[in-house]
Structure formats: C-alpha cells, structure tokens
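Taking it in order: structure first as structure tokens, then the write-up.
The values are calculated or read from the model by the stated rules, or taken from the named source; none is laboratory data. These numbers come from a predicted model, not from an experiment. Backbone-built Cβ (ideal geometry, glycine too); neighbour counts: all protein chains shown. The area values use the complete protein model at the heavy-atom level, side chains included, leaving out ligands, DNA and RNA. Shrake-Rupley method; radii C 1.70, N 1.55, O 1.52, S 1.80 Å.
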Amino acid sequence: MIRNTLSDDERSEIWTGDNLDRQRSGLDIIEYLLGRYERRGPDKDSLVMNINGEWGAGKSFTLAKLCAELKKRGFPVVFFDAWANDYSDQPLMAFAAALDNDLQPFMPKSEAIKEAVGRVGEKAMILAKNVAQTYIDQQLQKYLGTNSTDLKELLSNGETPAEISKIAEDFLLQHGARKTLIELFHQDMSRLVTAIEKERPNGLPIFVVIDELDRCRPNFAVEFLEAIKHVLQVEGVYFLVATDAAQLAESIKAIYGLNFDGRGYLKRFFEVEYRLPDPNYANFAKF
C-alpha cells in the first residue's frame with residue numbers, strides 16, 4: 001500500500017489551534033494504524049481502538065484533526081458523534097445515516113459503492129427495529145427468570161410452562177431473525193469494503209471515528225458498543241472510539257449494578273487502548 005503523506009504546510013493548516021500539543025498523539029495513532037494495516041498479511045484486518053482521556057483532555061480536537069488528516073491522505077472516514085445522536089433509541093439507524101453521508105464522496109465514481117452503501121443502510125434500519133441481544137436477555141431475565149441460552153435448552157427438553165412458552169418462542173424467533181440479519185449485514189459491509197478497495201486501491205482501511213460515547217445515556221452507550229462488536233466490525237474497517245474509560249465504566253454500572261466490573265466489561269470491546277498523555281500544564285493553564 002502506498003502511504004499518502006502531507007507537506008508541512010498542509011499538516012500545519014490541519015492542526016491549527018493545537019494548544020495542547022495533540023498533533024504528536026494524532027500522528028502516532030495514524031502511524032500505528034497504517035503500520036498495522038500494512039503488516040496485516042493476506043487478510044484485510046479489523047480493529048476497535050479506544051482513545052482514552054479525561055474530559056477536557058482534547059479527545060474531540062484530536063479526533064477531528066486526525067479525521068481531517070486521514071481524509072487529506074485519501075482514506076474513507078466516517079465520523080459519528082454519539083452524543084449528538086443520544087436522543088435516538090436506535091443507534092444503528094443513526095450510524096447508517098452517518099455512513100451514507102460520509103461516504104458520499106466515493107459514490108459518484110462507483111455505482112458498486114453506492115449500491116453497497118444502500119444495502120448496508122437497509123440492513124441497519126431493519127436491525128434497528130429488532131431488539132439487541134443484551135436487551136432480549138435482560139427482558140427474559142426480568143419476566144421469565146432465564147436467558148436465551150438456558151431457554152433454548154428448556155424448550156428442547158419440554159420443561160417450559162405452557163403459559164410462558166409462546167412468549168419464549170417469540171423471543172427466540174426474534175433472536176434467530178436478528179442473527180440472520182447480522183450475517184447479511186456483515187456480507188454487505190464486506191462488499192462495501194471490496195468496492196472501495198477496487199475504486200481506490202490505496203484507500204483502505206475505512207476509518208470509523210466515534211466521539212463522545214462516554215457522555216451518552218448508559219443504555220445507548222452499551223447498545224452501541226454491542227453493535228460495534230457483534231454487528232459492525234468487519235475486515236477492512238478500523239473503529240476509533242473516544243472515551244473517558246473510567247467515567248464510562250462507572251456509567252455502565254447504572255445498568256448492571258454498583259458491584260459490576262465496568263472496566264473489565266469495556267476490555268471486551270477494545271483490542272487496543274491509546275491513553276492521551278497529560279498536556280504541558282503551563283500550556284493547559286494558559287489555554
């Protein structure tokens with residue numbers, strides 16, 4: 001892969017206003033990601049990376065400039081402001097809109113990409129209407145005192161009381177339909193990646209940048225993380241998720257209880273974590 005580079009003037013223009021010296025972090029992240037993709041071997045590779053820093057540490061600034069640099073180098077970048085979409089009960093549908101909007105620059109040049117984006121958007125809307133697996137299990141536990149895995153076994157053994165059997169079967173039917181949709185969604189996302197690769201041989205990976213997830217409602221944040229892990233993550237796509245990991249871990253306890261290991265739970269989703277270094281305190285105070 002040819003690594004597009006920028007002139008000093010181009011980079012200086014992108015990183016204007018860098019009062020906390022975040023350019024260094026942004027370029028370190030980009031070099032790591034591109035280097036990883038070059039070393040991937042025969043596969044396209046996928047990644048979910050946490051950009052971790054406290055509120056006010058410059059995460060949003062870093063991500064905005066990092067996006068600008070990647071776009072200038074010719075890479076497809078999808079930016080999703082999670083907090084701005086926090087009002088929605090359907091994170092996948094909101095994300096599909098961002099995907100469609102941010103990949104528009106590719107569409108006039110390739111009908112294949114346009115069609116692939118359309119298919120991905122359609123599947124996202126259908127999936128958004130189906131209950132997330134986490135929610136299904138929560139509801140099963142609440143109303144039936146079990147989860148989908150245990151319930152399947154009960155049904156197969158004929159041990160489920162008749163009065164709740166219909167409810168249980170409806171839950172499992174919905175879960176089965178959702179699994180099929182997820183598989184189709186993965187196929188369409190993979191076609192999208194392949195179409196972009198053909199259109200721009202040096203244009204992979206696709207970077208999906210998610211900001212402000214730690215500010216969102218706990219239910220929204222958890223459902224979106226689950227969607228990344230189980231629905232959205234495909235070969236050729238790198239996710240960069242900005243969080244204050246400590247605060248997000250505390251927020252998750254609002255769902256699972258005060259004794260829940262929120263930090264351990266987050267490690268299920270992030271393969272790599274980059275901790276923004278502390279800024280120069282004199283510069284920080286001046287800023």
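Checked against the criteria, LEU20 does not count as assigned to a helix (DSSP H, G or I), at negative phi and not β-branched (Val, Ile, Thr).
Which residue, of ALA249, ALA282, is surrounded by fewer than 19 Cβ atoms within 10 Å (Cβ to Cβ), of a type in the set (A, V, I, L, M, F, W, C) and free of Cβ contacts under 8 Å to residues at least 24 places away in the same chain? Lay out the reasoning, then the answer.
On the way: ALA249 fails: surrounded by fewer than 19 Cβ atoms within 10 Å (Cβ to Cβ).
Answer to the check: ALA282.
You will find that of GLU226, GLU199, the residue that is touching a residue at least 24 places away in the same chain (Cβ under 8 Å), of a type in the set (D, E, K, R) and within 30 Å of GLY74 (Cβ to Cβ) is GLU199 and no other. Applying the criterion of at least 3 residues that are within 26 Å of ALA84 (Cα to Cα) to the helices (runs of 4 or more DSSP H) found wholly in the range 199-287 leaves 218-227, 245-256, 262-266. When the range 11-60 is limited to residues that are out of contact with any Asp or Glu (no Cβ under 7 Å at 6 or more places or on another chain) and hydroxyl-bearing (Ser, Thr, Tyr), the one that is surrounded by the fewest Cβ atoms within 10 Å (Cβ to Cβ) turns out to be THR16.
Residue under question is ASP8, and the condition is that it be open to solvent by 10 Å² or more (accessible area, probe 1.4 Å), modelled with pLDDT of 90 or more and of a type outside the set (S, T, N, Q); does it hold? Steps first, please.
Details: open to solvent by 10 Å² or more (accessible area, probe 1.4 Å): yes; modelled with pLDDT of 90 or more: no; of a type outside the set (S, T, N, Q): yes.
Against the criterion (open to solvent by 10 Å² or more (accessible area, probe 1.4 Å), modelled with pLDDT of 90 or more and of a type outside the set (S, T, N, Q)), ASP8 does not qualify.
Look at the range 24-46: where a residue is in contact (Cβ under 8 Å) with a residue 60 or more places away in the chain and closer than 25 Å to SER12 by Cα and a partner is assigned to a loop (DSSP other than H, G, I, E, B) and open to solvent by 50 Å² or more (accessible area, probe 1.4 Å), sitting 6+ places away or on another chain with Cβ atoms under 7 Å, you get SER25/PRO277.
Would you mind stating whether ALA84 is out of contact with any Pro (no Cβ under 6 Å at 6 or more places or on another chain) and either surrounded by 17 or more Cβ atoms within 10 Å (Cβ to Cβ) or part of a strand (DSSP E or B) (or both)?
Values: out of contact with any Pro (no Cβ under 6 Å at 6 or more places or on another chain): yes; either surrounded by 17 or more Cβ atoms within 10 Å (Cβ to Cβ) or part of a strand (DSSP E or B) (or both): no.
Spelling it out, it is not the case that ALA84 is out of contact with any Pro (no Cβ under 6 Å at 6 or more places or on another chain) and either surrounded by 17 or more Cβ atoms within 10 Å (Cβ to Cβ) or part of a strand (DSSP E or B) (or both).
Only residues that are more than 20 Å from LEU92 (Cα to Cα) and open to solvent by 90 Å² or more (accessible area, probe 1.4 Å) were counted across the range 252-270, and they come to 4.
Of the residues GLU273, GLU235, which is at pLDDT 90 or above and surrounded by fewer than 21 Cβ atoms within 10 Å (Cβ to Cβ)?
On inspection, the qualifying residue turns out to be GLU273.
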